[in-house]
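Asks: Got a structure for you, written out below as structure tokens; questions coming shortly.
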Amino acid sequence: MTQSQTDTTAASQAGNDGQSDRTAVSFDHVSKRFGGRTVVDSVSFTVEQGSTAVIIGPSGSGKSTVLRMINQLETPTSGTVRVLGKDLADPATDIRALRSSIGMVFQHYSLFPQLNVVDNVAFPLRHAQGLDKAAARKAALEALEQVGIAKLANHYPDQISGGERQRAAIARALTTKPKIMLFDEVTSALDPEHVKSVLELIAGLKDQGITLVVVTHEMRFARQAADTVLYMDGGHLLETGSSDEIFNHPRSERLQAFLSAVE
Ligand code: ADP
Ligand code: MG
């Protein structure tokens, strides 16, 4: 390969705005309006592959909307969202393929009540990826093993605890081997005794090289697990920094006030 060919390849991998090919998610001046209201206002940030970004901020500040724009549950009104180097608005981007590399878990576990745990976890493999029943079940059991609840495979959602249901939801998201996992307040509805172990499970996914974007009110988790903390306030990304910068050296009065209220 000639030098110029090498350069072209490197440039295309880096994307046309020069972002590195290690970037998992990038927002470039992304805004979202609902009706006349701007709920995400010109937000720009990048998340490197394999790193953990934690989004904090008051209720209604736009955290979930940011997360939902990463996997196209919402489309931006303006600005550019890139996932694994691909512009989500580019018609050439294979959104289906990209979506299968992103797993998402919400506050309210969306397990099907009429299916047992292993069938819930196998569901995307059976119905989105088209695996046969035996192969899907095998992969689902492996995922349940990974989150520590293989013994609950044949239980139904109403027979297990909230923490176990969240583990099952995480297992289900893991079956498609995502490169990026999105978590939206997944411990908010849990009893306190289940919060810690679910957060530990999430933090452990980082060791598998999965990029994590986590919206949470658990500040201790944010301090310990985050490579980058994003503080949102009124639709603005008001501060971004390392855990040390955000928690020990907050610059804005808004962040200082937020931290003293929640910590
Ligand atoms: P957070 O997750 O930080 O609590 P959200 O991203 O859920 O904030 O919401 C930000 C703002 O956008 C809120 O005021 C919310 O009411 C509004 N919003 C979110 N989704 C919609 C929607 N689909 N239609 C209209 N308004 C919405
Ligand atoms: Mg939210």
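The values are calculated or read from the model by the stated rules, or taken from the named source; none is laboratory data. The shown structure was predicted, so the numbers you read here are calculated from the model rather than taken from an experiment. As a convention, Cβ positions derive from the backbone with ideal geometry for all residues, glycine included, and neighbour counts pool all protein chains shown.
Asks: I'm checking my understanding of the structure. Among residues of the range 179-204 that are away from ligand 2 (no atom under 16 Å from the Cβ) and under 11 Å from the mean Cα position of the chain (by Cα), which one is surrounded by the fewest Cβ atoms within 10 Å (Cβ to Cβ)?
Replies: Among residues in the range 179-204 that are away from ligand 2 (no atom under 16 Å from the Cβ) and under 11 Å from the mean Cα position of the chain (by Cα), the one surrounded by the fewest Cβ atoms within 10 Å (Cβ to Cβ) is 179.
Conditions (1) at positive phi; (2) part of a helix (DSSP H, G or I); (3) at pLDDT below 95, marked per residue:
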site: 130; (1), (2), (3): yes, no, yes
site: 137; (1), (2), (3): no, yes, no
site: 154; (1), (2), (3): no, no, no
site: 176; (1), (2), (3): no, no, yes
site: 188; (1), (2), (3): no, no, yes
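Asks: Can we say residue 226 is within 13 Å of residue 243 (Cβ to Cβ) and among the hydrophobic types (A, V, I, L, M, F, W, C)?
Replies: Answer is yes for this residue.
Asks: Out of 216, 228, 211, 176, which single residue is buried (at least 22 other Cβ atoms within 10 Å of the Cβ), in contact (Cβ under 8 Å) with a residue 12 or more places away in the chain, under 16 Å from the mean Cα position of the chain (by Cα) and away from ligand 2 (no atom under 16 Å from the Cβ)?
Replies: Selected residue: 211, the only one of 216, 228, 211, 176 that is buried (at least 22 other Cβ atoms within 10 Å of the Cβ), in contact (Cβ under 8 Å) with a residue 12 or more places away in the chain, under 16 Å from the mean Cα position of the chain (by Cα) and away from ligand 2 (no atom under 16 Å from the Cβ).
Asks: Of everything in the range 49-100, what is closer than 16 Å to residue 33 by Cβ, within 16 Å of ligand 2 (Cβ to nearest atom) and not in a loop (DSSP other than H, G, I, E, B)? Give them in sequence order.
Replies: Residues satisfying the conditions are 64, 65, 66, 68, 69.
Asks: Just one of 247, 183, 221 is among the aromatic types (Phe, Trp, Tyr), touching a helix residue (DSSP H, G or I) at 6+ places or on another chain (Cβ under 9 Å) and in a strand (DSSP E or B); which is it?
Replies: 183
Asks: Quick check on my filter: what residues within the range 234-263 are at pLDDT 95 or above and within 16 Å of ligand 2 (Cβ to nearest atom)?
Replies: 234, 235, 236, 237, 258
Asks: Among the residues of the range 160-173, are any crowded, with 18+ Cβ neighbours inside 10 Å, without any contact (Cβ under 8 Å) to a residue 40 or more places away in the chain, more than 23 Å from residue 184 (Cα to Cα) and in contact with an Asp or Glu (Cβ under 9 Å, 6 or more places away or on another chain)?
Replies: No: the range 160-173 contains no residue that is crowded, with 18+ Cβ neighbours inside 10 Å, without any contact (Cβ under 8 Å) to a residue 40 or more places away in the chain, more than 23 Å from residue 184 (Cα to Cα) and in contact with an Asp or Glu (Cβ under 9 Å, 6 or more places away or on another chain).
Asks: Within the range 107-122, can one find any residue that is among the aromatic types (Phe, Trp, Tyr), closer than 26 Å to residue 196 by Cβ and not in a helix (DSSP H, G or I)?
Replies: yes
Asks: Let me ask something else about it. Please work out which residue is modelled with the lowest pLDDT, limiting yourself to the range 45-76 and to residues that are within 12 Å of ligand 1 (Cβ to nearest atom) and over 27 Å from residue 259 (Cα atoms).
Replies: 73
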